[in-house]
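Just so it is clear, none of the values below were taken in a lab; they were calculated from the coordinates. Fair warning: this is a prediction, and the values are worked out from it, not measured in the lab. Using ideal geometry, Cβ is built from the backbone for each residue, glycine included, and neighbour counts are taken over all protein chains shown.
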Amino acid sequence: MSLETQVAYETNGPDAAAAHTGAEVNEYERTPVPRSALLPFKSFLGMYAGEHCAGTELMIGPLFVAAGVSAFDVVVGLIVGNALAVVSWMLLTAPIATRVRLTLYYQLEKICGRRLVVIYNLVNGVMFCCLAGAMITVSATALGVWFKFPMPKLDDSYPNSVGWVLAVLAIGALISIVAAYGYAMVARIANIAVPWMVLVFVAFGLVALRDFLVASQTEIHSAGDLWRLAQTEIWRGGDPLPGKTKFTFMHVMFFAWFCNMAMHIGMSDLTIFRYARKSWYAVASAAGMYIGHFMAWLAASMLFAFQLREAGLVNAAAVRAASEANSLPAPLPGPLAHGACGLAGLLCVIVAGWTTANPTIYRAGLAFQAILPRSSRFAVTILTGLVATVAATFPALAMKLLDFVALYGMLLMPMGAIIFVDFWLLPRLGLQREYAERSRSSFSVAAFLTWAATLGVCVWLMYGAHIEIFFVSLPGWFVAVALYIVLSKVMQRPVAGRSPAVQGVQA
Amino acid sequence: MNIVLRLLAAVALAGTIVPALLYLGGTLSKDSMQWTMLAATVLWFGAVPWIGRAARRAAQTPSAEQR
């Protein structure tokens, strides 16, 4: 059975898994994955490559340009940041996943108690809703090319036209209904679309490069010429667009590293790597990072950089004048893709936004349904889609996507630190692992206080110490580790039963 | 049939990226590039969904030895 099938079942329901194989699926929801169900390396390679080439890459790339990145900062920053993300998967997530072989949710339940996991699901569900909203926004910008209604500007927080609201509502309703009824069909389209979509993203970059060469009357004879073009024409650096944070090398590096913090440091991908035969299979995440979070981001950023050039916004004075005249171009994926690759590019925007909004709404629905277990999955999915759609009508979500992604990682990071401490450190300190299960508690006060206090420290770092949100999760992780150790030491009482030695299934 | 479909899919993928390369090299106009990519897109989504079905139908149909 393929990894996609297993992951489809766990994250997206039995319908999606059955669409892959037509067979019954064993989900191992509350048991370790047996050796017979482990999967080969190539399963993870395909999955990561597909998952990280999504609609949001078309927003994030251009937002780097809006943040005034220079060529060195964006190219080298992405290389280093994505490498750190891969290392995080390899050193933090996969070693625990291949030893314990449980889902994230069951692992958290054993450590923190069922009631605290409900709170985790609520937070996760809300963040998934907002992320799905950003993906609906991406798809809605494609309708703007066809129907020519006014689309949001870079600094718009509220909807700016009836046409925009109707487009978002239409796309959001369609995505939500399909997610509730026919998830399997869209999942199949997503699998089919991935190879084509990756090549369209490459085409975006090639077309933008040609446009820059023609516009700047430059010829490329060597790598040096290409790099000079990148520095002087494409990613010029300098001031960000009004209202945007200036992005330096550190901003780019930390953003790329923590973009998927919920999945590696936050341990969400325990659910994925519990199927890996070996811990080193986590290197497969590099496929997603360097195809999606390097190539796709750079290609999309080149499109917006050319749009700014065409609008004459090549120096601070021109940008200031455009800002005062309220005529700054917005990084809208639909028009950018259409301008580069025509209808094929437009279709890529729609497919990329839809195929990633669909499972995100489904995952959000599953997270909420875990809180209300007696509610129907159909009703919860529709309601979740509605929330995501309403969120999508506010352009602030997409225009501030970089900040939102950083916030998402920060919120869930403490739970990943708790899992790390529980597995590797507590036994060595003479404390008990999985204390909620051992003490038959449904709510770990130590875990909750760690989570709340860590977030409090992060917020203080942002507003008290004026450290930008992109950086606070790193010190936050160490705070969470220290707090959970101290609180466990204070609050744990001896519980009769298994010894607190390190346990798990060896890979 | 499966081989034909896979060949068409390969042609579709080539038709997605080669026009952009030709545009980069200055040998294809933007208009022609965009229309070629569109045709390749239609070919990809037209051919690939049938590849799985052809393979599954072949697996379900008993061979001459099995009948």
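Note the angle between two axes, namely the Cα long axis of helix A:377-392 and the longest principal axis of the Cα atoms of chain A, as a number of degrees from 0 to 90, rounded to the nearest 10.
Tilt of helix A:377-392: around 40 degrees.
What size of dipole, in debye to the nearest 20, comes out for the protein assembly as shown about its Cα centre when the only charges are +1 on Lys and Arg C-beta atoms and -1 on Asp and Glu C-beta atoms?
On the way: 38 positive and 27 negative charges, 348 e Å.
The dipole magnitude comes to about 1680 debye.
Hey, got the average number of other protein chain Cβ atoms within 10 angstrom for residues in A:34-47?
Values: counts 0, 0, 0, 0, 0, 0, 0, 0, 0, 0, 0, 0, 0, 0.
What the average comes to for A:34-47 is 0.
Give me the lysines in straight-line cross-link reach of A:LYS153: C-alpha distance below 18 Å, same-chain residues under 8 apart excluded.
Partners found: A:LYS244, A:LYS400.
If you take the charge dipole of the protein assembly as shown about its Cα centre, with +1 on Lys and Arg Cβ and -1 on Asp and Glu Cβ, which of A:PHE64, A:ALA167, A:PHE423 is farthest toward its positive end?
Highest projection toward the positive end goes to A:PHE423.
Let me know the mean shielding of A:83-91 by other chains, meaning the per-residue number of their Cβ atoms within 10 Å of its Cβ. Intermediate results must be reported in sequence, preceding the final value.
On the way: counts 0, 0, 0, 0, 0, 0, 0, 0, 0.
Partner-chain Cβ atoms within 10 Å, mean over residues of A:83-91: 0.
Let's see if you can work this out: charge +1 on each Lys and Arg Cβ, -1 on each Asp and Glu Cβ, no other charges. What is the dipole magnitude of the range A:349-507 about its Cα centre, in debye to the nearest 20? If you can, show how the numbers build up before the last one.
Working: 11 positive and 5 negative charges, 114 e Å.
Result for the range A:349-507 is approximately 540 debye, rounded to the nearest 20.
In peptide A:332-345, what is the residue-averaged number of other protein chain Cβ atoms found within 10 Å of each Cβ? Please report the intermediate quantities before stating the final value.
On the way: counts 0, 0, 0, 0, 0, 0, 1, 2, 6, 10, 9, 6, 15, 4.
Rounded to a whole number, the mean comes out at 4.
Where does helix A:249-258 land angle-wise versus the long Cα axis of chain A, in degrees 0 to 90, nearest 10?
Between the helix axis and the principal axis of chain A, the angle is about 40 degrees.
Using the Cα centre as the reference, give the magnitude of the dipole from point charges on the C-beta atoms of the range A:253-404 (Lys, Arg: +1; Asp, Glu: -1; all else neutral), rounded to the nearest 20 debye. Numbers along the way, then the final one.
Working: 9 positive and 4 negative charges, 117 e Å.
Around 560 debye, computed over the range A:253-404.
Packing-wise, with mean Cβ within 10 Å as the measure, how do B:13-26, A:351-364 rank, highest first? Can you show the working numbers first?
Values: B:13-26: 19.1, A:351-364: 27.4.
Most protected by this proxy first, the peptides run A:351-364, B:13-26.
Which listed residue (A:ALA256, A:TRP227, A:LEU483) has the Cα farthest towards the positive end of the charge dipole for the protein assembly as shown, taking +1 on Lys and Arg C-beta and -1 on Asp and Glu C-beta about the Cα centre?
Of A:ALA256, A:TRP227, A:LEU483, it is A:LEU483.
Which one of A:ALA321, A:ALA208, A:SER279 has its Cα pushed farthest toward the positive end of the charge dipole of the range A:192-330, where Lys and Arg give +1 and Asp and Glu give -1 at the Cβ?
Checking the options against the dipole of the range A:192-330, the answer is A:SER279.
For A:LYS110, list the lysines whose Cα falls under 21 Å from its own Cα; do not include residues on the same chain fewer than 8 positions away.
A:LYS489
Output the 0 to 90 degree angle, nearest 10, between the alpha-carbon long axis of helix A:297-310 and the longest principal axis computed from the alpha carbons of chain A.
Value to nearest ten degrees: 30.
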